[in-house]
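Read the structure below first, then the notes.
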Amino acid sequence: MPIRTEVPDRPPYAPGPPEPSPRPGLRLRAENLRRSYGRGRDAVHALRGVDVVFAEGSFTAVMGPSGSGKSTLLQCVAGMDRQTSGTVHWGSTEITGLSERRLARLRRADAGFVFQAYNLLPAMTVEQNVALPARLAGERIDRAAVAGALAQVGLAGRGKERPGRLSGGQQQRVAVARALYARPRVLFADEPTGALDRATGLQVLGLLRTGVEEQGRTCVMVTHDPVAASFADRVLFLSDGVLVEDLVRPSAARIARQLGGPAC
Ligand SMILES: Nc1ncnc2c1ncn2[C@@H]1O[C@H](COP(=O)(O)OP(=O)(O)OP(=O)(O)O)[C@@H](O)[C@H]1O
């Protein structure tokens, strides 16, 4: 199927007010990052020595063919998976040297996560879903912060509803609100628009972009979609576990050409 690269009109959707006092974005750095699964002849080398810096307050898309190591890179840089060798720094902290407990604490304090699957709990209300990570961590729930996160994603007043009553795009915006609740310094997104149609996908991308521009947040996003990637400041291409291209503010057409699709 040809890759579509046109950007349709933006949907009639107004995000809410920005966060009150932004926290500075984090600079992320991976050095000689390797991740292998299995051993010996059956080993899969998902990352084969990746060096990359994600500047603070930048929006980077990671692209490449299926199986090229995109999600593995995101998960290792995000401290959700352990590398086989190499290092990852968040600012001046080497996260690859931290215990699981300290790493979990740091992730909770500084990072937000958005995935293709919204991972909302249907039996809970929208606001309970937004507050869930804090509740699981045993923290006091900040109701104003829950309302603020929902307002930011354009869902003010929908907190008492169940996710099942919302559209796919609205549910993903709840997932973004959940990620924003703790005012993260870095947002990791793995195919955040993968399950959405083009128009609702653009809403979610707009939210990620706004967080970078207005809050100075660092954002790293894995995507297969050239239009989604064109929201980023920079697009990295992985192939077979190595970085093969690094483009600054490429158009969707340039990205599609890099992926081997039609040039538009
Ligand atoms: N837990 C695992 N156990 C074994 N192999 C794995 C595991 N996770 C990933 N791999 C392998 O590592 C390689 C890279 O996987 P990864 O999911 O990072 O690729 P990707 O570029 O994100 O792919 P896709 O676009 O299909 O999601 C693949 O060959 C995959 O099969």
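The values are calculated or read from the model by the stated rules, or taken from the named source; none is laboratory data. All values derive from a computational prediction rather than experimental measurement. Here Cβ is always computed from backbone atoms with ideal geometry, including for glycine, and neighbour counts include all displayed protein chains.
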Filtering the range 34-54 down to residues that are of a type in the set (D, E, K, R) and more than 11 Å from the ligand (Cβ to nearest atom), which residue is farthest from ALA109 (Cα to Cα)? ARG41
Scan of the range 234-257 for residues that are in a loop (DSSP other than H, G, I, E, B), among the small types (Gly, Ala, Ser) and touching a Gly at 6+ places or on another chain (Cβ under 8 Å), ordered by number: GLY241
Residue list for the range 55-93, filter: within 16 Å of the ligand (Cβ to nearest atom), assigned to a strand (DSSP E or B), polar (S, T, N, Q) and more than 17 Å from GLN258 (Cα to Cα): SER85
Of the residues in the range 83-110, how many are touching a residue at least 24 places away in the same chain (Cβ under 8 Å) and closer than 23 Å to LEU238 by Cα? 8
First in the range 39-64 and basic (Lys, Arg), second anywhere and at pLDDT 95 or above and in a strand (DSSP E or B), Cβ under 6 Å, 6 or more apart: ARG48/VAL242
What about GLU161, is it away from the ligand (no atom under 16 Å from the Cβ), without any contact (Cβ under 8 Å) to a residue 40 or more places away in the chain and more than 15 Å from the chain's Cα centre (by Cα)? yes
So THR223 fits all but one of (1) within 22 Å of PRO122 (Cβ to Cβ); (2) among the polar types (S, T, N, Q); (3) under 13 Å from the mean Cα position of the chain (by Cα); what number is the exception? (1)
